[in-house]
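The next block holds one structure in the form of structure tokens; read it before the comments.
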Amino acid sequence: MPENTRERRMAALRACDRILSGTRPATMRERLADMETAGDLDALPDFYGGGPVATLEERVAELLGTEASVFFPTGTMAQQVALRYGADRSGNPTVALHPLGHQEMYERHAYSWLSGLRGVWPTTEHRNPTAEEITALAEPVSTVVFELPLRDAGFVLPTWDELTAAAASARGAGARVHFDGARIWESAPYLGHSIAEIAGLADSTYVSFYKTLGGISGAALAGVRDLASYAQVWRHRHGGQVFQQWPAALTALAGLDRELPRIPEYVRHARTVAAALAALPGARVFPEPPHTHRFRLWLPHPAQALNDAALALAEEDKVWFAAGWQDTEVPGLAMTEITVAAPALDWTAADVADVGARFIERATGR
């Protein structure tokens, strides 16, 4: 997206009175105010760890029920270290991932280029691998990765029984279990278990602080103390031992306080929003109902027309419907991702239907 278009879109979204998908972009001053709610700004910051970073690490370990957690500046770095740990401890450089997983889609295969690991795919289906597929792997692997939810398959989750069986199958094959839990926070309602119970199925879990929680950056890798000690060494070797990271830590703590308790409400309301969107002419949502507070929406119109309509509706009516539309392989059919968060909670099904109709009218010029 050209920078001027992005800036125009952010300005329009920020000026809207009502937002269906996403959240209002925060200014740097608002970020500073957010930090003040999470800690004492007159206290000393972290110095290569400690301070609010240590507080955050302890909080995450407690939430996930693990012995320890280690703060990382990026999730890409945390995930590399998790896979390297399994390979080093087992002597096996092969890991099992999903082709739609974050390591394959967005991390430029860092696990391979930087750590010399080799990936195999248990499945190409648009879901996490099953117990049977893991058992059927043609060769041993050091780690099996599950992404919860699998974002590029439509934010889909296995059932609790499926996840439990798959994790047991991985261990039965002599592999570690790693959860890409960037969005594990919103997975708990569908799985019907606490975050600690979910993380308890894995040997390591990565979580993100800017996805869902609204932090400015940062991630954590949680597991046993041996993993934490290893992660601290390799974080330094990857260049992640940053002098001070208190802004990221404080906004993460603020997000845990503010957003985490509300996520079940977001997930429940996403089902209402998805059902209303599915009733629009030619629309389709997936999954239906959504597994988390995020899902995919398709409309039978070109992406450019839909993005133009979203911007016009925002600038003229101060209402944000949905943007980020992309054309699909089917001509004339576009897709976007919907995120139901706090601003959408006051939208009724009737509101969604009304604004959706106005949005489509703008897109079609009728």
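The values are calculated or read from the model by the stated rules, or taken from the named source; none is laboratory data. Everything numeric in this text was worked out from a predicted model, so none of it was measured. Using ideal geometry, Cβ is built from the backbone for each residue, glycine included, and neighbour counts are taken over all protein chains shown. In case anyone asks, the SASA skips ligands and DNA or RNA and just uses the protein heavy atoms, side chains included. Shrake-Rupley method; radii C 1.70, N 1.55, O 1.52, S 1.80 Å.
Looking at Ala357, Leu311, Ala344, which one has the Cα that reaches farthest to the positive end of the dipole of segment 311-366 (charges on Cβ: Lys, Arg +1; Asp, Glu -1)?
Going by the Cα projections, it comes out as Ala357.
Can you give the local net charge around Thr292? Use residues other than it whose beta-carbon is closer than 10 angstrom to its beta-carbon, Lys and Arg +1, Asp and Glu -1.
+2
Could you sort 289-299, 144-154, 170-180, 9-19 so that the peptide with the highest average Cβ count within 10 Å comes first and the rest follow in order?
144-154, 289-299, 170-180, 9-19
Debye sum, Cα scatterers, segment 292-366, no solvent: what log₁₀ I/I(0) at q = 0.16, 0.17, 0.24, 0.25 1/Å?
-0.56, -0.63, -1.21, -1.28
Among the DSSP beta bridges whose two residues both lie in the chain, what percent are antiparallel, rounded to the nearest 5?
Around 60 percent of the beta bridges assigned by DSSP in the chain are antiparallel ones.
Consider just the alpha-carbon atoms of segment 142-209 and return their Rg together with their Dmax, both in angstrom.
11.0, 32
Using +1 at the Cβ of each Lys and Arg and -1 at the Cβ of each Asp and Glu in segment 1-154, identify which of Pro52, Ala15, Asn4 lies farthest towards the dipole's positive end.
Towards the positive end, the residue furthest out is Asn4.
Residue farthest toward the positive end of the dipole of segment 174-329, with Cβ of Lys/Arg at +1 and Asp/Glu at -1: which of Ala228, Ala254, His238?
My answer, from the dipole projection, is Ala228.
Any idea what diffusion coefficient the chain gets from Stokes-Einstein, in µm²/s, Kirkwood Rh on alpha carbon pairs, 37 °C, 0.692 mPa s?
Stokes-Einstein gives a translational diffusion coefficient of 153 µm²/s.
After finding the eigenvalues of the alpha carbon gyration tensor for segment 235-283, what semi-axes result from the square roots of 5 times each, listed largest first in whole Å?
39, 16, 8
Carbon and sulfur atoms: what percent of the 1.4 Å accessible area of the chain do they account for?
52
Under 15 Å from the Cβ of Val340, count the other residues' Cβ atoms, weight Lys and Arg +1, Asp and Glu -1, and hand me the total.
Summing Lys/Arg as +1 and Asp/Glu as -1 gives +2.
Which net charge results for the neighbourhood of Glu186, defined as the other residues with beta-carbon distances under 10 angstrom from its beta-carbon, given Lys and Arg at +1 and Asp and Glu at -1?
Residues close to Glu186 contribute a combined charge of +2.
Among Glu162, Glu132, Glu316, determine the one that fluctuates most according to a GNM of the chain built with springs between C-alpha atoms less than 10 Å apart.
Looking only at Glu162, Glu132, Glu316, the biggest GNM fluctuation is shown by Glu316.
Would you look at the GNM of the chain, springs on alpha carbons closer than 10 Å, and say which of Arg268, Arg89, Arg31 moves the most?
It is Arg89.
Based on DSSP H runs of at least 4 residues, each adding -39500 (n - 2.57), what is the mean residue ellipticity at 222 nm of the chain after dividing by all its residues, to the nearest 500 deg cm²/dmol?
Mean residue ellipticity at 222 nm (helix-derived): -13500 deg cm²/dmol.
Taking the Cα centroid of segment 226-261 and of segment 344-366, what is the distance between the two, rounded to the nearest whole Å?
The distance from the Cα centre of segment 226-261 to that of segment 344-366 comes to 40 Å.
Using θ = phi - 60° and the Karplus form 6.51 cos²θ - 1.76 cosθ + 1.60, what ³J(HN,Hα) does each residue of segment 246-259 get, whole Hz, x for Gly and Pro?
Karplus-based 3J(HN,Hα) across segment 246-259 equals 4, x, 5, 5, 5, 5, 5, 5, 5, x, 4, 6, 8, 8 Hz.
How large is the charge dipole for the chain, taken about the Cα centre, if only the Cβ atoms of Lys, Arg (+1) and Asp, Glu (-1) carry charge, to the nearest 20 debye?
Computed about the Cα centre, the dipole is about 440 debye.
What nm distance separates the two modelled labels at Leu44 and Glu67, each placed 7 Å from Cα along Cα→Cβ?
Distance between label points: 2.9 nm.
Just the accessible area per residue of the chain, please: how many Å² with a 1.4 Å probe?
44
Using only the alpha carbons of segment 2-138, what is the convex hull's orientation-averaged projected area in square nanometres?
If I average the Cα hull's projected area over directions, I get 13.4 nm².
Given a cut-off of under 8 Å on Cα pairs at least six residues apart, what relative contact order in percent is computed for segment 171-321?
Reported relative contact order: 17 percent.
Figure the gain on full extension for Arg284 and Thr37 (residue separation times 0.36 nm, minus the Cα-Cα span) and round it to one decimal in nm.
84.9 nm
Could you state the number of Å between the C-alpha centres of segment 291-310 and segment 139-180?
30
Could you work out Rg/(2.2 N^0.38 Å) for segment 273-333, with Rg from alpha carbons only?
1.15
If you look at just the Cα atoms of segment 159-246, how large are its Rg and its Dmax in Å?
When restricted to the Cα atoms of segment 159-246, Rg and Dmax are 14.6, 43 Å.
When only Cα pairs under 8 Å and 6 or more residues apart are kept, what is the percent relative contact order across segment 146-256?
The normalised contact order for segment 146-256 reaches 21 percent.
Ranked highest first by average number of other Cβ atoms within 10 Å, how do 318-324, 69-75, 48-54 line up?
Listed from highest to lowest mean packing, they are 69-75, 318-324, 48-54.
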